[in-house]
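What follows is a short report on a single structure.
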Amino acid sequence: MTYRPAADVKNNDNKVMPMNITGLDSLVFGVDDVEACNQYLTDYGLSPKDVSAAGGTFEALDGTSVVIRHKDDPSLPPALPTGSMLRKTIHGVADQATLSAIAEELGKDRDVRHLDDGSIEAEDDMGFTLGFQLSIRQPISIPAEKINAPGDEPGRPVNVIGADESVGIKLRSLSHVVYFVPDSKKAEKFYIERLGFRVADRFTNLGPFLRPQGTLDHHTLFLVNTPPEMQGVEHFTFHLGGPNELLLAGKRFQDKGYESFWGPGRHIYGSNWFWYFNSPMGVHVEYDADMDLHDDSWTAREIDASADASQIFNFTLVDKWMPGGDPH
């Protein structure tokens, strides 16, 4: 498969000061069934905090989170006209200077609300409510998965097994969110020119993978061009420690009765392993692992959107089997 440089990438470095947005801190949902969403996110692997009939906060190891509230909770921003359950996307920033710069930049042409907790809130050009705050991400230090391969030093010490069904798996960090937008070019222009995001790669006629300046992750936001009546969120995901963790976490989740939507497999753009599940939040929820890292020297690629361009491989999970047994 041949990729071409994304010729129409315009990062507009001189139009906006460097903005040290470090990534997603939290996603806030207003849902129909609070109890089902609370249970779903707990079973997915996030740590529940302050959970009640009104909702709760569900955290990864670094403190990034998903927040659940009932859709009629008066503290929530208004829903999109489509009724999407995502009510707010909160981005973390590295310092007060970045927070002030964002407030000044967005205040040129839209209402910027200064909240009691020191964060700010505004709408993007598609109507999604965005929050910006001094990032709550905490440093974590946890070894990634180790492998052994001929020709290299052992990644896993002698007599340490790699296949351990009892291993505890913890979601590490909120990775990315995917927006369905009615005008991906207009949406892309906002994030690049007003917030300093960079294009990592692009699917022609579908949309760009975007990363803010404060992270090397391939993307924290993917924009997908759709009809206006579809506007909302396709999925969000949290990082795991490697493909073995992803496969085991997904298998455990499926065994609890949750329905697999796509995967397991591995994407091409971003290289991240994936496994998507249906959810009661009106979005798909993904496990992901081993995403590419890029800096500003990276040349964005572009290719026509297709299944072949989306995944390098995709598995279908079947029941356990051993040689000599009936695979059906």
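If R0 is taken as 25 Å, the Cβ-Cβ distance between Ser75 and Ala36 corresponds to a FRET efficiency of 0.75. Each Lys and Arg adds +1 at its Cβ and each Asp and Glu adds -1 at its Cβ; summed about the Cα centre, the chain shows a dipole of about 260 debye. The residue among Gln213, Val66, Asn278 whose Cα reaches farthest toward the positive pole of the charge dipole of the chain, with charges on the beta-carbon of Lys, Arg, Asp and Glu, is Gln213.
Spatial offset of the range 276-328 relative to the range 187-220 amounts to 21 Å, using the alpha carbon center of each. Annotation: aspartates and glutamates with alpha-carbon distance below 15 angstrom to Lys71 (same-chain offsets under eight excluded): Asp32, Asp33, Glu35.
One chain, two ends: Ala149 and Glu234. Fully extended at 0.36 nm per residue, the span grows by 26.9 nm beyond their Cα-Cα distance. Protection proxy ranking, highest mean first, for peptides 213-220, 107-114: 213-220, 107-114, where packing is the per-residue count of other beta-carbon atoms within 10 Å, averaged. State the percent of C-alpha pairs, over all pairs in the range 122-260, separated by a distance greater than 26 angstrom. Taking all Cα-Cα pairs of the range 122-260, the fraction more than 26 Å apart is 43 percent. Which parts of the range 236-258 would a label at Ser47 reach, counting a residue when its backbone N lies under 17 Å from a point 7 Å out along Cα-to-Cβ? In the range 236-258, the label zone of Ser47 (backbone N under 17 Å from the point 7 Å along Cα→Cβ) covers 238-241. The modelled label-to-label distance for the pair Gln311/Leu293, using points 7 Å beyond Cα in the direction of Cβ, is 2.7 nm. In the chain, helices alone account for a calculated mean residue ellipticity at 222 nm of -4500 deg cm²/dmol, with every DSSP H run of four or more residues adding -39,500 (n - 2.57).
Note on Lys189: lysines with a C-alpha under 27 Å away, same-chain residues under 8 apart excluded, are Lys10, Lys15, Lys88, Lys108. Of all beta bridges that DSSP places with both ends in the chain, some 65 percent have antiparallel geometry. Scaling the Cα radius of gyration of the chain by the globular reference 2.2 N^0.38 Å produces a ratio of 1.01.
Label-to-label distance for Ala94 and Lys256 is 3.6 nm, based on points extended 7 Å past Cα in the beta-carbon direction. For Ala289, the residues whose amide H sits under 5 Å from its own are Leu240, Trp273, ignoring neighbours fewer than 5 places away on the same chain, with H placed 1.01 Å from N.
Readers should treat all values here as calculations from the given coordinates under stated rules, not as data from a laboratory. Every value quoted in this text rests on a predicted model; they were computed, and no experiment measured them. Positions of Cβ are backbone-derived with ideal geometry, glycine not excepted, and every protein chain shown enters the neighbour counts.
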